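Please treat every number below as a calculation from the coordinates, not as lab data. The structure presented is a predicted model; accordingly, all values stated were derived computationally and were not measured. All Cβ positions, glycine included, derive from the backbone under ideal geometry; neighbour counts span all protein chains shown.
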Amino acid sequence: MSPAHGFRGRHVVSAEDFSKDELLHLLDTAAFFEHDVGPRLAGKILATLFFEPSTRTRLSFESAMHRLGGSVIGFADEKATSRTKGESLADTIRMVEGYCDAIVIRHPMEGAARLAAETARVPVINGGDGSNQHPTQTFLDLYTIRKATGRLDGLRVGFFGDLRYSRTVHSLAKALLHFDVAMSFIGPPMLRLPQELRETLGARGRLGREVEGLDDARPLDVLYVTRIQKERFPDPADYERMKNAYRLDRAAAERFGPDLKILHPLPRVTEVATDVDDLPGALYFEQARNGVTVRKALLSLVLADADASGGGLA
Ligand code: NCD
């Protein structure tokens, strides 16, 4: 295995920690993992520590681990843990690392996964830290886009919705810096990208257009929609004001033409009308399914023998 593809034993904290080569290697490995690859993680244990609600991320990690012959321990509700007795995150990690071969953590605090990685002697995978990052969602987003369009370079990608608090947007926008993608950002001004990310993108000449309405965003190849991140609003009154501020309906989607690919990390609330679902470009449920394939590939690369097993994985 080339050192450029050093996934083995590595923490997965932020999408920006991965080079273009590494991202492509992961996507190629995932494509290979669409086939049954056997129980290559037999005997390995994954711990899933979810301090915040999750459906897809936790279940798809669990499914991936089981499909690879490994097992899973963990919790989906911190109320059932010693956190309620006042245990620190660092102490929880120091203990859990003795029970498993890798940890997936989701936590409301930005930087929690980085902190866990600094403490842990086993690889830590960030399943979402506050509104900061969600790198494994980014990996499956890239996989879905590439599978649907055949490429990552030369695309026009529009992000639509809560750009301020959506960690999936922040992660994906950073990863897309590796590719020749024209990014635009669509939504109410109050929910626009955080200033720090605007500056990062701006410094690379990649901030693109920031517009309020979908009709100002055409043409696009990919529209990436997110729900309002209700739980991140410091002031509930602001959430109440914004909660119906944007929506993709079928007519608006159709104005982009038949080739538009629509992605959404899910869960959906009201921001995508359900009659969008049967447009051929509505990929969000397929995107969620791809989560298992991509997480199988990631777990194998981080934990096991994917580097030693041949089959196009080296
Ligand atoms: C996302 C998340 O948790 O950030 N969900 C997911 O993992 N698919 C998006 C969201 O909660 O809106």
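Descending by average beta-carbon neighbour count within 10 Å, the peptides 184-193, 134-143 line up as 134-143, 184-193, the highest first. Couplings 3J(HN,Hα) for the range 65-79, derived from phi with the Karplus relation 6.51 cos²θ - 1.76 cosθ + 1.60 (θ = phi - 60°), are 5, 5, 5, 8, x, x, 10, 10, 10, x, 9, 10, 8, 5, 5 Hz, where x marks Gly and Pro. Spatially, the range 270-292 and the range 150-176 are offset by 16 Å when compared through their Cα centroids. Listed by chain and number, the lysines whose C-alpha is less than 19 Å from the C-alpha of Lys296, apart from same-chain residues fewer than 8 away, are Lys44, Lys147. Available extension along the chain between Asp259 and Lys243 is 2.9 nm, counting 0.36 nm per residue and deducting the alpha carbon span. Using a ≥ b ≥ c from the Cα gyration tensor of the range 1-132 (square roots of the eigenvalues), is it rounded, prolate or oblate, where a/c under 1.5 gives rounded and otherwise the larger of a/b and b/c decides, a/b for prolate? Note, shape of the range 1-132 comes out prolate. Annotation: the residues Glu78, Glu240, sorted from fewest to most other C-beta atoms within 10 Å of their own C-beta, follow the order Glu240, Glu78.
Exposure proxy shown here: for Lys85, Lys147, the number of other Cβ atoms within 10 Å sets the order, fewest to most, as Lys85, Lys147.
In the chain, Cα pairs under 8 Å separated by at least six residues give a relative contact order of 22 percent. Could you tell me how many degrees, from 0 to 90 and to the nearest 10, lie between the Cα long axis of helix 284-303 and the main elongation axis, the longest principal axis, of the Cα atoms of the chain? Orientation of helix 284-303: about 30 degrees from the principal axis. Going by amide H atoms built from the backbone, whose H comes under 5 Å of the H on Val72, apart from near neighbours? Sorted by chain and number, the residues that satisfy this are Leu46.
Is the C-alpha gyration tensor of the range 93-141 telling us rounded, prolate or oblate? Criteria: a/c under 1.5 is rounded; beyond that, a/b larger than b/c is prolate, otherwise oblate. It is oblate, given that a/c is not under 1.5 and a/b is not larger than b/c. The amide H of Gly127, built 1.01 Å from its N in the peptide plane, has Ile105, Arg106 as neighbours under 5 Å, considering only residues 5 or more places off or on other chains. When the label point is put 7 Å from the Cα of Asp180 along its Cα-to-beta-carbon vector, which residues of the range 143-162 have a backbone N closer than 16 Å? Label zone hits: 150-157. Extension gain, Glu231 to Ser63: 0.36 nm times the residue separation minus the Cα-Cα distance gives 57.8 nm.
In this calculation the C-beta distance from Tyr99 to Arg209 is compared with R0 = 51 Å, giving a FRET efficiency of 0.60. Ranked from largest, the principal axis spans of the Cα set of the range 114-236 equal 47, 40, 26 Å.
Straightening the chain between Arg151 and Arg8 buys 48.8 nm, computed as 0.36 nm per residue apart minus the Cα-Cα spacing. Using only the Cα atoms of the range 188-314, build the gyration tensor, take square roots of its eigenvalues as a ≥ b ≥ c, and label the shape rounded, prolate or oblate: rounded if a/c is under 1.5, else prolate if a/b is larger than b/c, else oblate. Since a/c reaches 1.5 and a/b is larger than b/c, the shape of the range 188-314 is classed as prolate.
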